[in-house]
2 protein chains.
Amino acid sequence: MGLIVQKFGGTSVADLDRIRNVAKRVAKTFDQGNDVVVILSAMAGVTDDLIEMANKVTSSPDKRELDVLLATGEQTTAALLSMTLQSMNYPAQSMLGYQAEVVTDHTFGNARILEIGASRIKDLIKKHNIIVIAGFQGCDTQGNITTLGRGGSDTSAVAVAAAIQADICEIYTDVDGIYTADPNICKKARKIKEISYDEMLNMASLGAKVLQIRSVGFAKKYNIPLHVRSSFSEEEGTMVVNEDSGMEQLVVSGVTHNKDEARITLKKVPDQPGVAAKIFTPISEADILVDMIIQNTRAGGETDLTFTVPKSDFESALAIEKTVAEEIGAEDVFGDRNIAKVSVIGVGMKNHSGVASIMFHTLAKENINIIMISTSEIRISCIIEEKYTELAVQVLHTAFGLDEE
Amino acid sequence: MGLIVQKFGGTSVADLDRIRNVAKRVAKTFDQGNDVVVILSAMAGVTDDLIEMANKVTSSPDKRELDVLLATGEQTTAALLSMTLQSMNYPAQSMLGYQAEVVTDHTFGNARILEIGASRIKDLIKKHNIIVIAGFQGCDTQGNITTLGRGGSDTSAVAVAAAIQADICEIYTDVDGIYTADPNICKKARKIKEISYDEMLNMASLGAKVLQIRSVGFAKKYNIPLHVRSSFSEEEGTMVVNEDSGMEQLVVSGVTHNKDEARITLKKVPDQPGVAAKIFTPISEADILVDMIIQNTRAGGETDLTFTVPKSDFESALAIEKTVAEEIGAEDVFGDRNIAKVSVIGVGMKNHSGVASIMFHTLAKENINIIMISTSEIRISCIIEEKYTELAVQVLHTAFGLDEE
């Protein structure tokens with residue numbers, strides 16, 4: 001007996017049969033006496049197809065109009081699921097972004113939710129309806145259609161859950177939860193029963209692509225419990241909750257890896273004020289995201305400076321820095337695509353020393369050289385040679401006691 | 001220098017190349033110093049595909065949700081055309097039904113437009129934008145998406161033209177105008193330069209499927225000149241205008257035919273009050289549209305009653321009347337699917353006698369038997385044997401002086 005938000009991703013609504021399965025699951029939850037609000041993605045592949053169509057029109061389609069186009073994807077699945085539920089004699093009604101009053105800023109293609117006027121949703125719930133909301137979309141204060149960016153339906157779901165004060169937000173996807181490491185490279189990876197918002201935030205940004213990172217931030221802010229689970233099984237998935245909620249606190253909750261970055265090093269950079277700005281301003285002007293930055297001061301007023309960028313931006317970043325190096329009088333610029341980032345994550349680290357030393361020691365024992373290190377309160381990341389990625393994840397998983405029993 | 005509404009049908013926006021052609025035509029009109037508001041249909045076939053998809057979900061999809069689904073078709077083309085115009089450096093902006101404030105009643109699937117809040121469209125025109133409105137769709141006063149029924153984009157176009165007081169509404173389609181008869185069966189058919197709203201209303205309802213009939217009624221009510229023309233050529237099409245606009249008044253403007261009806265006859269119906277109601281109430285309760293009704297009184301208080309229904313409803317109508325005939329004591333019920341209706345239409349008939357006699361004489365000369373007759377102020381229709389349809393259209397076309405010179 002509760003108010004439950006259920007979000008189904010693109011693979012869960014990929015065709016009419018799967019939509020029927022979703023309808024059965026929603027109906028079951030409703031039959032158990034719950035009020036249910038459903039948030040849907042577009043059918044798997046549809047958003048990409050629409051983007052491809054727009055790119056055939058022009059290489060840089062107008063962003064407002066692209067959002068109008070993309071919004072049809074979720075409109076389609078919302079209508080189809082409502083129809084399916086109705087054909088099963090359940091009182092379902094679809095709502096589009098503007099109908100559900102999902103008000104966003106004006107950033108077409110990557111809009112932020114400003115507020116959700118929940119009164120309309122709540123009214124329909126009171127009349128004992130199942131509400132099916134098109135995810136990923138909202139409208140700005142002028143009534144223009146906006147979309148929330150890749151994975152935006154997760155954020156729609158959590159924002160709606162917050163607005164209507166839902167008891168829980170269930171995220172149905174094609175995996176059955178969050179794992180202690182990628183099961184494809186670490187056979188001993190276990191499904192995590194409970195994880196904190198902060199850990200999940202670090203997991204998401206480091207490569208566990210199950211949840212849109214913004215949705216986790218939203219869930220944390222409004223303290224909405226998330227249940228990440230498979231739409232193809234009845235099994236419990238992973239609960240993402242407040243770390244104070246009495247969950248068992250492991251020192252390390254998971255090991256993640258990311259092969260999507262490359263590094264660039266400027267050698268013997270003159271150690272003068274303003275040099276860092278000269279190095280990074282042209283990079284940000286080229287819309288390239290820099291992740292890690294390490295600076296080692298040498299004797300004699302010179303430093304080596306290393307940073308990482310997405311592999312897809314490696315060539316252009318390298319070209320930019322070759323020009324910069326000449327300007328500022330650095331000795332050399334070189335880069336390396338064959339790197340990977342492995343990270344250990346856990347809220348327990350806050351209260352446990354020694355995690356870093358275990359990590360470094362474990363990697364050293366396998367002769368894995370650490371190229372860069374960065375840390376946060378609940379995360380330690382090391383850049384290593386790409387070829388060692390799988391080995392590193394496996395030995396760290398064992399070292400931190402995460403292996404399946 | 002004017003305010004022009006241009007409506008493009010499904011074949012005109014069937015793919016990205018055709019949308020590009022539409023964009024060029026719109027741009028040209030804009031470059032000539034006009035303000036342009038475009039109304040679009042969905043890509044040819046898309047609406048049917050969506051209906052088919054809904055019918056796979058359930059044989060009777062919820063009408064509200066079906067409208068949500070169908071509305072994606074026009075949303076797609078409106079976004080794509082706006083993008084295309086923008087990529088050509090024209091200031092275009094799409095508007096969906098609710099954004100253009102096309103307010104309708106609550107009849108999902110066949111909604112009537114109640115009003116169009118033109119202020120928003122006018123504001124954007126003043127800022128020198130090309131407005132691209134998704135046709136066929138509106139919203140009711142609760143903000144639910146509605147659609148206007150088959151061909152509804154024509155009605156959208158005329159209603160918008162009326163609301164913004166456009167100088168003209170151009171209907172771009174895959175034929176180049178209205179013809180004096182169907183050119184497929186009458187080689188001598190000519191394109192009509194000018195035709196009155198009333199004639200067009202009769203043409204549309206009798207089988208010239210170029211314009212949605214409701215749109216013509218709208219155009220007449222608000223006196224919006226329509227220009228029906230081809231989107232694939234620069235040639236002038238047919239103007240549909242007020243009959244007082246100084247147009248040349250032919251006695252007969254066109255000959256139409258319709259093979260979609262069947263007739264049912266009840267023989268020796270007792271001639272008593274209330275009998276007609278007993279015959280037609282169950283038919284209307286079965287949602288079957290009756291077109292013509294003829295009653296011949298016989299001597300002795302009995303009549304023969306004949307009426308026509310759509311061919312698709314023939315079997316069910318016949319079954320209904322067999323039951324009715326027993327109830328009311330009619331002697332027999334029989335039907336005939338092999339009939340056709342040929343009509344001559346012209347506002348000039350109002351002032352010319354003898355049109356009927358020319359029509360009957362012309363058909364008689366070819367030994368074509370007239371089964372039923374109905375007339376209105378500007379139309380005479382005869383039901384004949386279906387096999388004579390083509391011959392009847394051809395000889396009438398010649399008899400009324402419509403043949404191409």
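The values are calculated or read from the model by the stated rules, or taken from the named source; none is laboratory data. Bear in mind that the values here come from a model prediction, so they are computed numbers and not experimental data. Here Cβ is always computed from backbone atoms with ideal geometry, including for glycine, and neighbour counts include all displayed protein chains.
Return the residues of region B:284-310 that are more than 23 Å from B:Thr375 (Cα to Cα) and touching a helix residue (DSSP H, G or I) at 6+ places or on another chain (Cβ under 7 Å); say none if nothing qualifies. Spell out how you get there, then give the answer.
Here is the first cut: in region B:284-310, the ones more than 23 Å from B:Thr375 (Cα to Cα) are B:285-287, B:299-302.
Result: B:Ala286, single match.
Among the numbered criteria (1) free of Cβ contacts under 8 Å to residues at least 24 places away in the same chain; (2) in contact with a strand residue (DSSP E or B) (Cβ under 7 Å, 6 or more places away or on another chain), which single criterion is violated by B:Asp123?
(2)
Which residues, counting only those in region A:132-177, are out of contact with any His (no Cβ under 8 Å at 6 or more places or on another chain) and charged (D, E, K, R)?
Passing the criteria: A:Arg150, A:Asp154, A:Asp167, A:Asp174, A:Asp176.
Assigned to a helix (DSSP H, G or I) and in the same structural domain as B:Ser253 (by TED's automatic domain parsing), is that true of B:Phe307? Walk me through how you get there before you give the answer.
On the way: assigned to a helix (DSSP H, G or I): no; in the same structural domain as B:Ser253 (by TED's automatic domain parsing): yes.
When the stated conditions are applied, B:Phe307 does not pass them.
Might you check whether a residue that is more than 13 Å from chain A (Cβ to nearest Cβ) and at pLDDT 95 or above occurs anywhere in region B:125-135?
Yes; the residues of region B:125-135 include at least one that is more than 13 Å from chain A (Cβ to nearest Cβ) and at pLDDT 95 or above.
Out of (1) touching a Lys or Arg at 6+ places or on another chain (Cβ under 7 Å); (2) surrounded by fewer than 22 Cβ atoms within 10 Å (Cβ to Cβ), the odd one out for A:Val175 is which?
Going through the list (1) touching a Lys or Arg at 6+ places or on another chain (Cβ under 7 Å); (2) surrounded by fewer than 22 Cβ atoms within 10 Å (Cβ to Cβ), A:Val175 breaks only (1).
Restricting to region A:60-97, give me the number of residues that are outside any loop (DSSP other than H, G, I, E, B) and either under 18 Å from B:Glu65 (Cα atoms) or without any contact (Cβ under 8 Å) to a residue 12 or more places away in the chain (or both).
Residues of region A:60-97 that are outside any loop (DSSP other than H, G, I, E, B), as a first pass: A:63-87, A:92-95.
In the following step, the residues that additionally are either under 18 Å from B:Glu65 (Cα atoms) or without any contact (Cβ under 8 Å) to a residue 12 or more places away in the chain (or both) were identified as A:65, A:71-87, A:92-95.
Residues that pass the stated criteria total 22.
For region B:28-46, what are the residues that are farther than 21 Å from B:Ala100 by Cα and either within 25 Å of the chain's Cα centre (by Cα) or among the aliphatic types (A, V, I, L, M) (or both)?
First pass over region B:28-46, keeping only residues farther than 21 Å from B:Ala100 by Cα: B:28-29, B:31-33, B:44-46.
B:Ala44, B:Gly45, B:Val46, listed by residue number.
For region B:368-379, does any single residue satisfy the condition of being in a loop (DSSP other than H, G, I, E, B), without any contact (Cβ under 8 Å) to a residue 12 or more places away in the chain and either within 23 Å of B:Lys187 (Cβ to Cβ) or in the same structural domain as B:Gln295 (by TED's automatic domain parsing) (or both)? Don't jump to the end; show me each part of the working.
Kept after step one, since they are in a loop (DSSP other than H, G, I, E, B), are these residues of region B:368-379: B:368-369, B:377-378.
In the following step, the residues that additionally are without any contact (Cβ under 8 Å) to a residue 12 or more places away in the chain were identified as none.
No, every residue in region B:368-379 fails to be in a loop (DSSP other than H, G, I, E, B), without any contact (Cβ under 8 Å) to a residue 12 or more places away in the chain and either within 23 Å of B:Lys187 (Cβ to Cβ) or in the same structural domain as B:Gln295 (by TED's automatic domain parsing) (or both).
Just checking, does region B:62-79 include any residue being buried (at least 24 other Cβ atoms within 10 Å of the Cβ), at the interface with chain A (Cβ under 8 Å from one of its Cβ atoms) and farther than 17 Å from A:Leu96 by Cβ?
Looking for residues that are buried (at least 24 other Cβ atoms within 10 Å of the Cβ), at the interface with chain A (Cβ under 8 Å from one of its Cβ atoms) and farther than 17 Å from A:Leu96 by Cβ, one finds none in region B:62-79, hence no.
State the number of residues belonging to region B:185-224 that are part of a helix (DSSP H, G or I) and closer than 19 Å to B:Ala162 by Cβ.
First, the residues of region B:185-224 that are part of a helix (DSSP H, G or I): B:197-205, B:213-222.
From the residues that got through so far, the ones that are closer than 19 Å to B:Ala162 by Cβ too are B:197-198, B:200-201, B:204, B:213-222.
Of the residues in region B:185-224, 15 are part of a helix (DSSP H, G or I) and closer than 19 Å to B:Ala162 by Cβ.
Among the residues of region B:380-405, what is the count of those that are farther than 21 Å from B:Glu261 by Cα, surrounded by fewer than 16 Cβ atoms within 10 Å (Cβ to Cβ) and in contact (Cβ under 8 Å) with a residue 40 or more places away in the chain? It would help to see each step written out before you state the result.
Step one: of region B:380-405, the residues farther than 21 Å from B:Glu261 by Cα are B:395, B:397-405.
Imposing the further condition that a residue be surrounded by fewer than 16 Cβ atoms within 10 Å (Cβ to Cβ) reduces the set to B:398, B:401, B:404-405.
From what's left, in contact (Cβ under 8 Å) with a residue 40 or more places away in the chain: B:398, B:401, B:404.
The qualifying residues number 3.
Look at A:Asn34 and say whether it is out of contact with any Ser or Thr (no Cβ under 6 Å at 6 or more places or on another chain) and under 30 Å from B:Gln93 (Cβ atoms). Step through it out loud before you land on a result.
Details: out of contact with any Ser or Thr (no Cβ under 6 Å at 6 or more places or on another chain): yes; under 30 Å from B:Gln93 (Cβ atoms): no.
So A:Asn34 fails the test.
Which residues, taken from region B:1-44, are of a type in the set (Val, Ile, Thr), in a helix (DSSP H, G or I), touching a strand residue (DSSP E or B) at 6+ places or on another chain (Cβ under 7 Å) and surrounded by 19 or more Cβ atoms within 10 Å (Cβ to Cβ)?
Quick first cut of region B:1-44, residues of a type in the set (Val, Ile, Thr) only: B:4-5, B:11, B:13, B:19, B:22, B:26, B:29, B:36-39.
Those still in the list that are in a helix (DSSP H, G or I) too: B:11, B:13, B:19, B:22, B:26, B:29.
The next check asks that each one be touching a strand residue (DSSP E or B) at 6+ places or on another chain (Cβ under 7 Å); those that pass are B:13, B:22, B:26, B:29.
Listed by number, the residues that qualify are B:Val13, B:Val22, B:Val26.
Out of the residues in region A:326-355 that are polar (S, T, N, Q) and part of a loop (DSSP other than H, G, I, E, B), which is surrounded by the fewest Cβ atoms within 10 Å (Cβ to Cβ)? Talk me through it step by step, then tell me what you get.
Of all residues in region A:326-355, those polar (S, T, N, Q) come to A:338, A:343, A:351, A:353.
After this cut, where a residue has to be part of a loop (DSSP other than H, G, I, E, B) as well, the list is A:338, A:353.
Numbers: A:Asn338: 11, A:Ser353: 7.
Per the criteria, the residue is A:Ser353.
Give region B:357-400 a look and list any residue that's more than 22 Å from the chain's Cα centre (by Cα) and basic (Lys, Arg), or say none.
Hits for region B:357-400 are B:Lys365, B:Lys387.
Looking only at region B:82-99, how many residues end up being more than 8 Å from chain A (Cβ to nearest Cβ) and surrounded by fewer than 23 Cβ atoms within 10 Å (Cβ to Cβ)?
Total meeting the criteria: 4.
Can you find a residue that is in a loop (DSSP other than H, G, I, E, B), within 12 Å of chain B (Cβ to nearest Cβ) and either surrounded by fewer than 16 Cβ atoms within 10 Å (Cβ to Cβ) or free of Cβ contacts under 8 Å to residues at least 24 places away in the same chain (or both) anywhere in region A:45-59? So that I can check it myself, show each step before the final result.
First pass over region A:45-59, keeping only residues in a loop (DSSP other than H, G, I, E, B): A:45, A:58-59.
Within this subset, residues satisfying the condition of being within 12 Å of chain B (Cβ to nearest Cβ) are A:58-59.
Still in the list and also either surrounded by fewer than 16 Cβ atoms within 10 Å (Cβ to Cβ) or free of Cβ contacts under 8 Å to residues at least 24 places away in the same chain (or both): A:58-59.
For region A:45-59, residues in a loop (DSSP other than H, G, I, E, B), within 12 Å of chain B (Cβ to nearest Cβ) and either surrounded by fewer than 16 Cβ atoms within 10 Å (Cβ to Cβ) or free of Cβ contacts under 8 Å to residues at least 24 places away in the same chain (or both): present.
Out of the residues in region A:1-17 that are free of Cβ contacts under 8 Å to residues at least 40 places away in the same chain and more than 21 Å from A:Gln137 (Cβ to Cβ), state the one that is farthest from the other protein chains (Cβ to nearest Cβ). Even if it seems obvious, please write down each step before you answer.
Taking region A:1-17 first, the residues free of Cβ contacts under 8 Å to residues at least 40 places away in the same chain are A:1, A:10, A:14-15, A:17.
Then keep just the ones that are more than 21 Å from A:Gln137 (Cβ to Cβ); that gives A:1, A:15, A:17.
On the way: A:Met1: 27, A:Asp15: 10, A:Asp17: 10 Å.
Filtering first and then ranking leaves A:Met1.
Go through (1) out of contact with any Phe, Trp or Tyr (no Cβ under 9 Å at 6 or more places or on another chain); (2) of a type in the set (Val, Ile, Thr); (3) part of a strand (DSSP E or B) for A:Ile320 and report which single condition fails.
Result: A:Ile320 fails condition (3) only.
What about A:Val38, is it touching a helix residue (DSSP H, G or I) at 6+ places or on another chain (Cβ under 7 Å) and more than 7 Å from every other protein chain (Cβ to nearest Cβ)? Quick ask: steps written out before the conclusion?
On the way: touching a helix residue (DSSP H, G or I) at 6+ places or on another chain (Cβ under 7 Å): yes; more than 7 Å from every other protein chain (Cβ to nearest Cβ): yes.
Answer is yes for this residue.
If I filter region B:156-164 for residues that are over 17 Å from B:Val38 (Cβ atoms), buried (at least 18 other Cβ atoms within 10 Å of the Cβ) and of a type in the set (A, V, I, L, M), do I get at least one hit? Write out each step before concluding.
Let us first name the residues in region B:156-164 that are over 17 Å from B:Val38 (Cβ atoms), namely none.
No, region B:156-164 contains no residue that is over 17 Å from B:Val38 (Cβ atoms), buried (at least 18 other Cβ atoms within 10 Å of the Cβ) and of a type in the set (A, V, I, L, M).
Which numbered condition trips up B:Asp313, out of (1) crowded, with 20+ Cβ neighbours inside 10 Å; (2) within 23 Å of the chain's Cα centre (by Cα)?
Answer for B:Asp313: the failing condition is (1).
I'm told B:Ala166 meets every condition in (1) within 14 Å of another protein chain (Cβ to nearest Cβ); (2) farther than 17 Å from B:Thr47 by Cβ; (3) modelled with pLDDT of 95 or more except one. Can you identify the failing condition by its number?
For B:Ala166, the failing item is (1).
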